[in-house]
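Q: Take a look at this one; I'll ask things after.
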Amino acid sequence: MSSDDNSNAPVPRSSRDAVREKAVQVQAQQARARTIRRSVLAAGVVTAVAVVATVVAWAVGSTLDRPQSSPSNTTGDGFVVTDVSGVSDAPDDMSESDAMTSEPAPEGAAAPTPTATSAPVVDIQVYVDYLSPGAREWQLANSTQLASWVDDGAVALSYHPVSMLTAKSNGTKYSLRAASAAACVATHEPTTFFSFHNSLLTQQPAVDSDGISDAALADLAVASGAEDPKQIRSCIEDEAFTAWVKSATERAVSGITGTNLALTGTPMVVVNGQQYLGDLTDPAEFAQFVLTSASGAYQKAQTASPTPTPGVTP
C-alpha cells in the first residue's frame, strides 16, 4: 500500500472552521426565509381581514344610510284616502255605486243613507298585501263605489299596506317593497295614493313570480300623477319604509287597535270596527254591510243624544 494514501488523515483546523461557518450561514439563510414566509402569510391574512371588514362596513353603512323612518300622514298605521281622481270606472257589471241607497234598510232601522249629513261618517279600513289575489278581487269589485262614497264624504276610507306574502316572490320580497312604495306615495304624493294603490292591484304580478322591480314601481308611481318624480323615485328605489312596513304588519297581527280583531290574512276589511266576511267580488253585498253598519252607528248616535227636558210653564 502506498504511503501517500492519506484519506484517513485528519482535516486541517482551517477546513473545519470553514465548514462550520458555512453551516451557520445556511442556517441563518433558512431562518430568514422562514421569517419572510411568516411575514408574507401574516400580511396576507391581515389584508384579507381588512378587505372583509371594509365590505361589511360598506354594506352596513349603505343600509344605515337608507332613511328607515316612519312615513307621514298615517292614522293607526293606515293612510286615509283624500283624493280619488285618476281611477277609471269599473265595468258595468261590477259597478254598484248606488247600492247603498237602493238596498232596503235592515228590519226595524230608520233607513238613513250613509252620507255625512244624515249619519256619522262610516269608517272603512282595508288591510292589503299587494301580492294577495283576494285583495285584487276586492279592489276591482269595489273601487268605483268606494271612490263615490269618498267623493260624497260618506265614508272615511283608509288602507293599511302590510307584507304577509313577502316570501312568495322568489326572494325579491315584492310584497314588502310594494307596501313600502305605497307608503312613499302616501307620504310624498298623498293625492295620488288611491290611484297608485289601485294600479298596484290592477297590475298585480302572479304569486311566486319575481314581481315588479323598484324602478318599475317608481315608474308606476310617476304615471299615477306624482308632481315630484325625483323625490318619489328616490324613496321607492331606496326602499325607505320597508322597516316600518314590517313593524306595522307585526302590530296588526298582534291586534288591531280599537277592535277585538287581529290580522290573519288579506284583504281584511273592517267597517266601524266590524270585519266584513262576505263575498269579496260582490259590491252589492259589501254595500249592504256598510249600510247596515251606518244605520247602527246612526241609531247609536241618536240614542246617545240626551232628550231635552220639557220646560215648565210658570
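Q: Kindly establish whether Lys230 is charged (D, E, K, R) and assigned to a helix (DSSP H, G or I).
A: So Lys230 passes the test.
Q: Checking the conditions here, which among Thr281, Thr264 is under 23 Å from the mean Cα position of the chain (by Cα) and either assigned to a helix (DSSP H, G or I) or over 29 Å from Ala215 (Cα atoms) (or both)?
A: When all the criteria are applied, what remains is Thr264.
Q: Still on this structure, please answer the following. Taking the residues in region 252-267 that are crowded, with 16+ Cβ neighbours inside 10 Å and touching a Ser or Thr at 6+ places or on another chain (Cβ under 8 Å) as candidates, determine which candidate is nearest to Leu157 (Cα to Cα). Quick ask: steps written out before the conclusion?
A: Kept after step one, since they are crowded, with 16+ Cβ neighbours inside 10 Å, are these residues of region 252-267: 252, 256, 261, 263, 266-267.
Among the residues that remain, those that are also touching a Ser or Thr at 6+ places or on another chain (Cβ under 8 Å) are: 263, 266-267.
Details: Leu263: 18, Thr266: 16, Pro267: 14 Å.
Within region 252-267, the match that is nearest to Leu157 (Cα to Cα) is Pro267.
Q: For Val270, are the conditions met, namely being surrounded by fewer than 17 Cβ atoms within 10 Å (Cβ to Cβ) and either not in a loop (DSSP other than H, G, I, E, B) or not assigned by TED's automatic domain parsing to the domain that holds Ser180 (or both)?
A: For Val270, the condition - surrounded by fewer than 17 Cβ atoms within 10 Å (Cβ to Cβ) and either not in a loop (DSSP other than H, G, I, E, B) or not assigned by TED's automatic domain parsing to the domain that holds Ser180 (or both) - is not met.
Q: A follow-up question, please. Whether any residue in region 184-191 is part of a strand (DSSP E or B), at negative phi and acidic (Asp, Glu) is what I want to check.
A: The answer is no, given that none of the residues of region 184-191 is part of a strand (DSSP E or B), at negative phi and acidic (Asp, Glu).
Q: Among (1) without any contact (Cβ under 8 Å) to a residue 60 or more places away in the chain; (2) under 30 Å from Gln275 (Cα atoms); (3) in contact with a Leu (Cβ under 8 Å, 6 or more places away or on another chain); (4) crowded, with 23+ Cβ neighbours inside 10 Å, which single condition is Ile236 missing?
A: Answer for Ile236: the failing condition is (2).
Q: Could you tell me which residue of region 147-183 is nearest to Asp228 (Cα to Cα), considering only residues that are in contact (Cβ under 8 Å) with a residue 60 or more places away in the chain, in contact with an Asp or Glu (Cβ under 7 Å, 6 or more places away or on another chain) and part of a helix (DSSP H, G or I)?
A: Residue satisfying both the conditions and the ranking: Ser180.
Q: Out of the residues in region 194-224 that are part of a loop (DSSP other than H, G, I, E, B) and surrounded by fewer than 16 Cβ atoms within 10 Å (Cβ to Cβ), which is nearest to the chain's Cα centre (by Cα)?
A: Taking the candidates together, the pick is Ser213.
Q: Next question, about the same structure. Being within 19 Å of Val245 (Cα to Cα) and either without any contact (Cβ under 8 Å) to a residue 12 or more places away in the chain or surrounded by fewer than 24 Cβ atoms within 10 Å (Cβ to Cβ) (or both) is the filter here, so list the residues in region 184-193 that pass it.
A: Answer for region 184-193, where residues must be within 19 Å of Val245 (Cα to Cα) and either without any contact (Cβ under 8 Å) to a residue 12 or more places away in the chain or surrounded by fewer than 24 Cβ atoms within 10 Å (Cβ to Cβ) (or both): Thr187, His188, Glu189, Pro190.
The values are calculated or read from the model by the stated rules, or taken from the named source; none is laboratory data. Worth saying up front: this structure is predicted, and the values here are computed from it rather than measured. Cβ atoms come from the backbone with ideal geometry, glycine included; neighbour counts cover every protein chain shown.
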